[in-house]
Amino acid sequence: MSFLSQPPSLHYLRDAYQSKFLIGTALSVRSLRGEDEGSTTVAQNHFNAFTAENSMKPALLQPSPGEFHWEEADRLLDLAESCGAVTVGHTLVWHEQTPRWFFETPNGAPLNREAALNNMQTHIAAVVGRYRGRVKQWDVVNEAISDEQGEELRPSPWLQAVGEEFIAEAFRAAHKADPEAVLIYNDYNIELSGKRDKTLRLMKRLLDQEVPVHAVGIQGHWHLDYPALEEIECAIELFASLGLRVMITELDIGVLPAQYQGANIQSRQTLTPEMNPYTEVLPEAVAQQQAERYEQIFQLFLRYQTVIDRVSFWGVHDGISWLNHFPIWGRTDYPLLFDRAYQPKPAFHALMGLEDSFSHSSTPLTTMAPTVLAT
Ligand code: XIL
């Protein structure tokens, strides 16, 4: 790891993008338990925004009413603050990794609206309140929009228990607990036309009601072949046209064969040898293809640097990526910038090389189309 001991400004990703946007990463449970020191070192050197991959989700923070487990979340804060990184909270209100007690009695009967809403508000007050002033950005509501055509919102336990207002109430509760925090609506596939339009409508409804939502988080679980850059660009323009900031919150570029495009964590397929072609090593040609894809995507991000505040990767290195287990259990994927030995990949070098081409221009938003919603 010789490059890690070089002067920061020449060798660290966070410095290469310092005047553009935050460059983030997600830290795994193992990392936050001190069981993957290599990841922690790479994170502290190269990234200036830290998200907990799992440790701040409701199931891990509050598995039963009033029983809080703060250790890993506290560790995330300590790690971030020791290297001047911004801490991002992920996530307050989601239909996954959320214990049933939020919406059900111990006997499995549904809670009434008031009780479920109270559970949500109490959770948000406790978690956001504890880290007030320290967690700078929160993914307040995660994945509330439906994947199904003709259906606006996902029929989640939150929607069933509280109704559509659960979204506005979550943002209000988070804002009340920390008025300075940047509050994000976060989702996958919202760069694609169907969910993009639903997201725009939802954000507009929230803004019309003066709900404190500040940014849209595009997760960015992408692939070598999808989505098209035009889709991503269109989404960034449209979200920004509402006056919202844009965050790329969970970026990875999978290189394995894919039948499923999305990040619904319930999606599962069977493991076959054809679906797991690179069990030993990533072929150089594929590594190059990935580097070019990352380069194109970052060129786009740089063009929109005035509306993008953060680009976060979903993990530090290939060995711990969730894509080794999603949507097929037990594959060997290579979606990130660092390999299993914590070494930078061609994609890393491509992104380090990009900075120069943009450092001399301030790149105004020439293609913004604020009128597009009216059509
Ligand atoms: C994933 C984690 O990476 C996995 O370790 C976990 O088993 C399931 O959740 N969208 C999100 C993230 O918002 O929280 C998900 O993280 C990936 C999809």
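The values are calculated or read from the model by the stated rules, or taken from the named source; none is laboratory data. Quick caveat, the model's predicted, so the values are computed rather than measured. Glycine gets a Cβ as well: all are built from the backbone with ideal geometry, and neighbour counts include every protein chain shown. Each accessible area value is taken on the protein alone, full model and side chains, heavy atoms only, with ligands, DNA and RNA left out. Shrake-Rupley method; radii C 1.70, N 1.55, O 1.52, S 1.80 Å.
Restricting the stretch 177-199 to residues that are in contact with a Ser or Thr (Cβ under 9 Å, 6 or more places away or on another chain) and in a helix (DSSP H, G or I) leaves a set whose member that is farthest from the ligand (Cβ to nearest atom) is 198.
Please count how many residues of the stretch 277-290 are part of a loop (DSSP other than H, G, I, E, B) and crowded, with 16+ Cβ neighbours inside 10 Å. Break it down stepwise before answering.
So in the stretch 277-290, the residues part of a loop (DSSP other than H, G, I, E, B) come out as 277-283.
Those still in the list that are crowded, with 16+ Cβ neighbours inside 10 Å too: 282.
Number satisfying all stated conditions: 1.
For the stretch 243-257, taking the residues that are in contact (Cβ under 8 Å) with a residue 40 or more places away in the chain and assigned to a loop (DSSP other than H, G, I, E, B), the one that is nearest to residue 94 (Cα to Cα) is identified as 244. Counting only residues that are farther than 30 Å from residue 18 by Cβ and within 16 Å of the ligand (Cβ to nearest atom), which one in the stretch 80-119 is surrounded by the most Cβ atoms within 10 Å (Cβ to Cβ)? It comes out as 93.
The residues of the stretch 137-153 that are in a loop (DSSP other than H, G, I, E, B) and either touching a Cys at 6+ places or on another chain (Cβ under 9 Å) or hydrophobic (A, V, I, L, M, F, W, C) (or both) amount to a single one, 144.
Restricting attention to the stretch 266-276 and to residues that are more than 28 Å from residue 50 (Cβ to Cβ) and part of a loop (DSSP other than H, G, I, E, B), the residue that is nearest to the ligand (Cβ to nearest atom) turns out to be 268.
Can residue 240 be described as touching a Lys or Arg at 6+ places or on another chain (Cβ under 6 Å), open to solvent by less than 20 Å² (accessible area, probe 1.4 Å), in a helix (DSSP H, G or I) and away from the ligand (no atom under 16 Å from the Cβ)? Spelling it out, it is not the case that residue 240 is touching a Lys or Arg at 6+ places or on another chain (Cβ under 6 Å), open to solvent by less than 20 Å² (accessible area, probe 1.4 Å), in a helix (DSSP H, G or I) and away from the ligand (no atom under 16 Å from the Cβ). Across the stretch 323-350, the qualifying residues are those that are open to solvent by less than 50 Å² (accessible area, probe 1.4 Å), under 14 Å from residue 279 (Cβ atoms) and not aliphatic (A, V, I, L, M), and the one among them that is nearest to the ligand (Cβ to nearest atom) is 324. Please go through (1) surrounded by 15 or more Cβ atoms within 10 Å (Cβ to Cβ); (2) not in a helix (DSSP H, G or I) for residue 172 and return the number of the only condition it doesn't satisfy. For residue 172, the failing item is (2). Here the condition is being within 16 Å of the ligand (Cβ to nearest atom), modelled with pLDDT of 95 or more and in a loop (DSSP other than H, G, I, E, B); of 39, 55, it holds for 55 alone. Residues in the stretch 243-265 that are of a type in the set (A, V, I, L, M, F, W, C), within 12 Å of the ligand (Cβ to nearest atom) and either surrounded by fewer than 16 Cβ atoms within 10 Å (Cβ to Cβ) or over 14 Å from residue 315 (Cβ atoms) (or both): 1 in all.
Taken over the stretch 136-153, the residue count meeting the criterion of being within 16 Å of the ligand (Cβ to nearest atom) and open to solvent by less than 30 Å² (accessible area, probe 1.4 Å) is 10. Residues in the stretch 202-213: is at least one touching a residue at least 12 places away in the same chain (Cβ under 8 Å), within 16 Å of the ligand (Cβ to nearest atom) and open to solvent by less than 10 Å² (accessible area, probe 1.4 Å)? Scanning the stretch 202-213 turns up no residue that is touching a residue at least 12 places away in the same chain (Cβ under 8 Å), within 16 Å of the ligand (Cβ to nearest atom) and open to solvent by less than 10 Å² (accessible area, probe 1.4 Å). With respect to the conditions (1) buried (at least 21 other Cβ atoms within 10 Å of the Cβ); (2) assigned to a loop (DSSP other than H, G, I, E, B), residue 167 falls short on a single one, namely (2). Of all positions in the stretch 291-308, at least one carries a residue that is farther than 19 Å from residue 352 by Cα and either within 16 Å of the ligand (Cβ to nearest atom) or open to solvent by less than 50 Å² (accessible area, probe 1.4 Å) (or both). Residue pairs whose Cβ atoms lie under 6 Å apart, separated by 6 or more positions or on different chains, with the first residue in the stretch 87-113 and assigned to a loop (DSSP other than H, G, I, E, B) and the second polar (S, T, N, Q), are 94/142; 95/156.
Scanning the stretch 154-164 for residues that are within 16 Å of the ligand (Cβ to nearest atom) and either open to solvent by 60 Å² or more (accessible area, probe 1.4 Å) or in a helix (DSSP H, G or I) (or both) gives a single hit, 158.
All told, residue 182 meets the bar of being open to solvent by 30 Å² or more (accessible area, probe 1.4 Å) and either closer than 25 Å to residue 131 by Cβ or in contact with a Pro (Cβ under 8 Å, 6 or more places away or on another chain) (or both).
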